[in-house]
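The structure appears right after this line, and notes come after that.
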Amino acid sequence: MKATPVSNCEKRFLLRAIEERQRLDGRQCYDYRNVRISFGTEYGCCIVELGKTRILGQVSCELVPPKPNRPTEGILFFNVELSPMAAPGFEPGRQSDLLVKLNRLIERCLRNSKCVDTESLCVVAGEKVWQIRLDLHVLNHDGNIIDAASIAGIVALCHFRRPDVSVQGEEVTVYTPEERDPVPLSIHHMPICVSFAFFHQGTYLLVDPSEREECVMDGVLVIAMNKHHEICTIQSSGGIMLVKDQVLRCSKITAVKVAEMTELIQKALENDQKVRKEGGKFGFAESIPNQKITAFKRGSAAVDTNNVEEQAEEIIAKAEPPSEVFAKPILHTPGTAQIGEGIENSWGDLEESEREEAAEEEGESEAPAFECQTMETEETSTMSETKKDEPIVLSDSEEEEVVILEPQELPKKTRTQTNSKQENTSKKAFNKRRKKKRAAY
Amino acid sequence: SSPSPGDTSVLAGLYGPAEVKGSKELSDRATLEVLLRPKVGLPGVMERSREQLLRRTCETVVLRVLHPRTAITLVLQVLSDAGSLLSCCLNAACMGLLDAGLPLTSLFCGVTCALDPNGSIVLDPTSRQEQEARAVLTFAIDSVERKVLSATTKGSCSVEEMQQCLVAAQRAADTIFQFYRDSVRRKYSKS
């Protein structure tokens, strides 16, 4: 799908508004949109919402051999994905510039800043280390994916718990979460990116640009900083020329914003920790419905499966399995005869025949009618007779077992016999045929 | 839309009918594309096969002839997986189609049944129940006559057991369709 380009009048409108210090959503120049952090049931899973921009972060771990030139360090792997649902312009499988830029920024911000202690991820030097994998999925793009992604990344890393490991000499034991509580990663500091969008050749700047503002900006400056005022990454793109004190001013603003954001993250992590400890309900199923008016939540519903067996048997009894149908051979020409109508073969492609059988045995009225056709004459009357009759007693000696068939209800004991399904229907069909045979003689 | 049975959560996003690339264009109907993204890792073969199943199910339901030479893209993102993932995807897909207002012949829902080693049916199993089960069956059931739109099984079961699972799934479908109705009613009554 193609993204719709921004129209000229929209561009002009936005630029004029920025000149007058107005933003479309009424924010001030240095205001962030509302940040909401919610966690999933698994450790390391979180969704961060920056206004309408939504990012899902998931951390997972695996034991792998380490890199040959770093035998005592764990491995960090970052993957940012632009989901096609985020914006109409995002197509699957295409490495766009934005994606590459995002990936590189997140890597620099989280890996090169050494916020995660990789030495602690080592289990057996040179043989087994933990590989921590962070997957970020952009679910909705409403501007400033970089900031949201960095927040999601660091929150997911802080939230994640890896399985506990103990090494005794040569033996390494990895404990499951049930045996021993999983252990958090050791995180030194929390770098968070803050983006500044520049307009009118660097005259005006806005913090946290929305999607429309991003379309008309000249360039962007991204500063990643932690709460100790250490700059972890700085990147300026778009070809804007910035003066030194502009950059310094931006870094001061970043310090303020990062302090606020770090506090928010800490609070969110603590809340989640508390809820988990108290055994309350957590996870997306809980957090998402409460926030949206259009969401609807329903507790587990019991389904009445009491009469399932009887109903299934009824359905089976009503329909005739194809292999049981043998019609009179129809003679086409001398030497060519046809036995059976050839509706379906029960040895065809299993999936297909199951589906067809299921469709056929939905209780279509054609099935019993068809069954009638293939037998001898005067079907419907005898069938209805047998159905409404009192228990039929077979006094014939042809059949060794006396089977009493209740109308509409098949005795359970016949089900234990081999090929029971065919037995069931054949008993009823057999019964009818027997009746007719007796009547004929 | 984001239905979440228990802890399994799938987010569905729908785009379309919109412009389609030349090679995928169909002259008399809309092209339906389904993209399923797992939570961890890149999409693999399992995701592709699920996408195909979802696509075929949706194709039977969506009135594609009303929008020729367009593309309808359905994107599903797995938020968390705790069992019954395929039926959750089916439900998410249907609610997404419903919410987007695409013309449909009927609604559908997905139900997963697991067969215990001792033969009892478990509807909507958790991951552990799925692993211990002898067979796991997933049905897509339509809303008009509770017919089966698609069925997929993993493991072996007898034909009767499949019939029983099917009947149980049809019962469960009633509950799910009631849920659709309630949530849509809620959405339109409050906004």
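The values are calculated or read from the model by the stated rules, or taken from the named source; none is laboratory data. This one's a predicted model, so the numbers in the text were calculated from it and none came from an experiment. Heads up, the Cβs are rebuilt from the backbone with ideal geometry, glycines too, and the neighbour counts pull from every protein chain shown. Accessible surface areas use protein heavy atoms only, side chains included; no ligands, DNA or RNA. Shrake-Rupley method; radii C 1.70, N 1.55, O 1.52, S 1.80 Å.
Summary of computed values
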{"quantity": "Solvent-accessible heavy-atom area per residue, rounded to whole Å², over chain B at 1.4 Å", "calculated": "42 Å²"}
{"quantity": "Label-to-label distance, nm, for residues given as B:Gln129 and A:Ala259 (7 Å Cα→Cβ offset)", "calculated": "5.2 nm"}
{"quantity": "Protection proxy ranking, peptides B:78-85, A:125-132, A:42-49, A:168-175, average beta carbon neighbours within 10 Å, highest first", "calculated": "A:42-49, B:78-85, A:125-132, A:168-175"}
{"quantity": "10 Å-binned pair-distance histogram of region A:132-275 (Cα, whole percent)", "calculated": "10, 32, 29, 16, 8, 4, 0"}
{"quantity": "Average partner coverage of B:163-174, which counts Cβ from other chains inside 10 Å", "calculated": "6"}
{"quantity": "Net +/- balance of residues flanking B:Thr73 in space, Cβ distance below 13 Å, scoring K and R +1, D and E -1", "calculated": "+1"}
{"quantity": "Partnerless Cys - chain B, beta-carbon criterion under 4.7 Å", "calculated": "B:Cys58, B:Cys88, B:Cys89, B:Cys94, B:Cys109, B:Cys157"}
{"quantity": "Simple label model, 7 Å out from Cα along Cβ direction - A:Val167 to B:Ala18, nm", "calculated": "5.1 nm"}
{"quantity": "Interface residues in region B:23-62 - accessible area drops by 50 Å² or more relative to the isolated chain, probe 1.4 Å", "calculated": "B:Arg37, B:Lys39, B:Val40"}
{"quantity": "Amide H within-cut-off set for A:Arg162, under 5 Å, with H built and near neighbours excluded", "calculated": "A:Val183, A:Leu185"}
{"quantity": "Unit Cα scatterers, Debye sum, region A:28-279: log10 I(q)/I(0) for q = 0.08, 0.09, 0.11 Å⁻¹", "calculated": "-0.33, -0.42, -0.62"}
{"quantity": "Heavy-atom accessible surface that B and A bury in contact, both chains counted, 1.4 Å, Å² to 100", "calculated": "4400 Å²"}
{"quantity": "Percentage relative contact order, chain B, counting C-alpha pairs under 8 Å, at least six apart", "calculated": "20 percent"}
{"quantity": "Helix B:159-190 axis, angle to chain B major axis (alpha carbon atoms, nearest 10°)", "calculated": "50 degrees"}
{"quantity": "Cα convex hull of region B:10-189, projected area averaged across orientations, nm²", "calculated": "11.1 nm²"}
{"quantity": "In Å, descending, principal axis extents of the Cα set of region B:1-80", "calculated": "40, 23, 19"}
{"quantity": "Karplus-derived HN-Hα couplings along region A:232-246 (A = 6.51, B = -1.76, C = 1.60, θ = phi - 60°), whole Hz, x at Gly and Pro", "calculated": "8, 8, 9, 8, 10, 9, x, x, 7, 9, 10, 7, 4, 6, 5"}
{"quantity": "Beta bridges per DSSP with both ends in region B:1-160, % antiparallel, nearest 5", "calculated": "80 percent"}
{"quantity": "A:Asn69-A:Phe13 pseudo-label distance in nm [points 7 Å out on the Cα-to-Cβ vector]", "calculated": "5.3 nm"}
{"quantity": "Segment A:Gln201-A:Leu242, length gained on full extension (0.36 nm per residue, minus Cα span)", "calculated": "13.9 nm"}
{"quantity": "Sequence-distant residues sharing a close amide H with B:Leu79 (under 5 Å, placed H)", "calculated": "B:Ser9, B:Val10, B:Leu11"}
{"quantity": "Karplus 3J(HN,Hα) series, Hz, for region B:121-138 with 6.51 cos²θ - 1.76 cosθ + 1.60 (x for Gly, Pro)", "calculated": "8, 10, 8, 6, x, 7, 4, 5, 5, 5, 5, 7, 6, 6, 8, 10, 10, 10"}
{"quantity": "Built amide H within the under 5 Å cut-off of A:Asp218, gap 5+", "calculated": "A:Phe198, A:Phe199, A:His200"}
